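Since every read-out is calculated from the coordinates, none of them should be taken as a lab result. All figures in this text were calculated on a predicted structure; none of them were measured in a lab. Ideal geometry is used to build each Cβ from the backbone, glycine not excepted, and the neighbour counts take in all protein chains shown.
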Amino acid sequence: MQIFFLIIIKFFDILLLPFKDLPPLVGLSFIALVTGFLAVFIFKHVSNQKALKEIMNRIKIHFAEIILYKDDFCQILLAQKEILKNNFSYFIRTIKPAIPIVAIVLLILSQMNIRYSFSPVPPGEPLTVKLSVRDNPGIETREDVKMLPPFGIKILTPAFHSSETGQIEWRIKGNWTGVYDLVFKIGPNSYQKRVLIGPPAEPFSPHLGKEGFVEKVFNPLEELLPIDSPIVAIDLDYQSRSFNLGIFDWSLHWLVAFLVIAIAFGLVFRRLLKVS
């Protein structure tokens, strides 16, 4: 699975290469455009467009009945019943094309998450590292839990142990721009978490969890923590990124901005491709 995700990451690296020196919103908008087109294209060629068009025509006819027989309560109820029945039939017929669309959109969101979700800290700025550990007699005093920083990373504060949250926190800073591997040692075992200092020159993730499909989808960059690891998660306190859309100066989370742009392009492509 790791090889598959590495191929996907490299593919998106190449796809977004022309937008490397442009504002992040440009690259995000381009991928949203591609997503909108792919969703409409797949829906058109996987769904039964003839059947969907017939259902839509029947719904329009029953809406016309409501207007035409507005004084006939029984006829209105019958028309509403038919509208509901046809809406349900339309929904059932959209399940099949929705499956590949959802799968592709999840892969795209995975790549957008590691590129546009957070802003890395610049060199010299502090960053909080949080280590969540499960109950384990061997690390009850936390004396066996150590963070070994690589060259270029400096620990600013000693480990702070919270018995309430089960977390261990450090404050670190990077001296130079780059990608570093923090090593956490618990007894004879060691675990790694990637940290990015400086401009977002490459994908990165602030969270590292245990092995699992969902965890892998949203952090395809790194080897996940083993299931039997005493470490539950490793988190880096990066600042969440938001985007301003248009003249309204709305500050939106990257996911909201992405979905708004993708849906807008999808509606445009739906008309151009004449999709029911």
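Of all beta bridges DSSP finds with both residues in the chain, what is the antiparallel percent, to the nearest 5?
95 percent
Rounded to the nearest 500, what is the 222 nm mean residue ellipticity of the chain from helices alone, with -39500 (n - 2.57) per DSSP H run of 4+ residues and division by all residues?
Rounded to the nearest 500, the figure is -16000 deg cm²/dmol.
Beyond a 24 Å Cα-Cα separation, which of these cross-linked pairs lie in this structure: Lys20/Lys44; Lys10/Lys44; Lys44/Lys216; Lys60/Lys81?
Table pairs above 24 Å Cα-Cα are Lys20/Lys44; Lys10/Lys44; Lys44/Lys216.
Using θ = phi - 60° and the Karplus form 6.51 cos²θ - 1.76 cosθ + 1.60, what ³J(HN,Hα) does each residue of region 215-226 get, whole Hz, x for Gly and Pro?
Computed from phi, the couplings for region 215-226 are 4, 5, 4, 9, 9, x, 6, 10, 5, 6, 5, x Hz.
For a quick protection proxy, order the peptides 204-213, 47-56 by their average other-Cβ count within 10 Å, most packed first.
Answer by packing, highest mean first, reads 204-213, 47-56.
Hey, rough spin-label estimate for Val46 and Ile92, points 7 angstrom out along Cα→Cβ, what's it come to in nanometres?
1.9 nm
In whole Hz, what ³J(HN,Hα) sequence does region 93-100 give by Karplus (6.51, -1.76, 1.60; θ = phi - 60°), x for Gly and Pro?
Result, ordered by residue: 6, 8, 5, 4, x, 5, 4, x Hz.
Taking a cut-off of 25 Å between Cα atoms, list the lysines near Lys146, but don't count ones fewer than 8 places away on the same chain.
Lys130, Lys154, Lys173, Lys185, Lys193, Lys210
Using the basic label-point model (7 angstrom from Cα toward the beta carbon), what is the Ser251 to Leu107 distance in nanometres?
3.5 nm
Taking the simple approach of a point 7 Å from Cα along Cα-to-Cβ for both Lys154 and Phe213, what is their distance in nm?
Between Lys154 and Phe213, the label points sit 4.7 nm apart.
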